[in-house]
Amino acid sequence: MERLTRAEEEVMQVLWRIGPAFAKDIRQAMPKPRPAITTVSTIVRILEAKGFVDHKVLGRSHRYTARVHKADYAHRSARRLLKDYFAGSPQALVSSFIERADIDARELEALLALLKQQRKR
């Protein structure tokens, strides 16, 4: 799965949030300042070429649908982050959050509970 540019990711976030949509609907759902409709159309076509988006022709318009699920892309992105910045170590990732106080004790306890639950499976 290819990496997405920031603009491509922004369009995918919209499609994941609102579901199948026309380019004008995608643009409308984007935060201001919004790109031009031609820019959105170009990005969607690039996403389609990369295999992230599919389209259905409706009259003279195209309705776009995400082909890649958000959870799948998030998982691959997280694995890439681990590999590229934390030598593949989840412990190093969590440690960096702890050291910068970006995670509190309650969240750590929830993570520990999740790990214990996974061990029981």
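With the other protein chains left in place, how much accessible area per residue, in square angstrom, belongs to the chain at a 1.4 angstrom probe?
74 Å²
Between R63, R80, R100, where does the largest GNM mean-square fluctuation fall for the chain, given springs only between Cα atoms within less than 10 Å?
R100
Show me 103-113, 66-76, 4-14 ranked by packing, highest mean number of other Cβ atoms within 10 Å first.
Final packing ranking: 4-14, 66-76, 103-113.
Using per-residue counts of other Cβ atoms within 10 Å, averaged over each peptide, order 91-98, 42-49 from highest down.
Listed from highest to lowest mean packing, they are 42-49, 91-98.
What are the lysines whose alpha-carbon lies under 22 Å from the alpha-carbon of K50, with same-chain residues fewer than 8 places away excluded?
K24, K70
Name the shape class, rounded, prolate or oblate, that the alpha-carbon gyration tensor gives for the chain, where a ≥ b ≥ c are the square roots of its eigenvalues, rounded holds for a/c under 1.5, and otherwise prolate holds if a/b is larger than b/c and oblate otherwise.
Prolate, because a/c is 1.5 or more and a/b exceeds b/c.
With everything on Cα atoms, drop me the angle between helix 6-18 and the longest principal axis of the chain, reported from 0 to 90° to the nearest 10.
90 degrees
Could you give the length gained on full extension between R63 and A7, defined as 0.36 nm per residue of separation minus the Cα-Cα distance, in nm?
Gain on stretching R63 to A7: 18.3 nm.
V53's amide H: which non-local residues (gap 5+, or another chain) put their own amide H closer than 5 Å, with H modeled 1.01 Å from N in plane and none for Pro or chain starts?
Excluding prolines and chain starts, which carry no amide H, the hits are E48, R67.
Using only helices, what value at 222 nm comes out for the chain when you add -39,500 (n - 2.57) per DSSP H run of length 4 or more and divide by the total residues, to the nearest 500 deg cm²/dmol?
Helix-only estimate at 222 nm: -19500 deg cm²/dmol.
Using a 1.4 Å probe over the heavy atoms of the protein chains, calculate the carbon and sulfur portion of the accessible area of the chain as a whole percent.
About 53 percent, which is the carbon plus sulfur part of the accessible surface.
The values are calculated or read from the model by the stated rules, or taken from the named source; none is laboratory data. What you are looking at is a predicted structure, and each value in this text was computed from that prediction instead of being measured. Because the Cβ atoms are built from the backbone with ideal geometry, glycine has one as well, and the counts that use them run over all protein chains shown. With ligands, DNA and RNA removed, areas are computed over all heavy atoms of the protein, side chains included. Shrake-Rupley method; radii C 1.70, N 1.55, O 1.52, S 1.80 Å.
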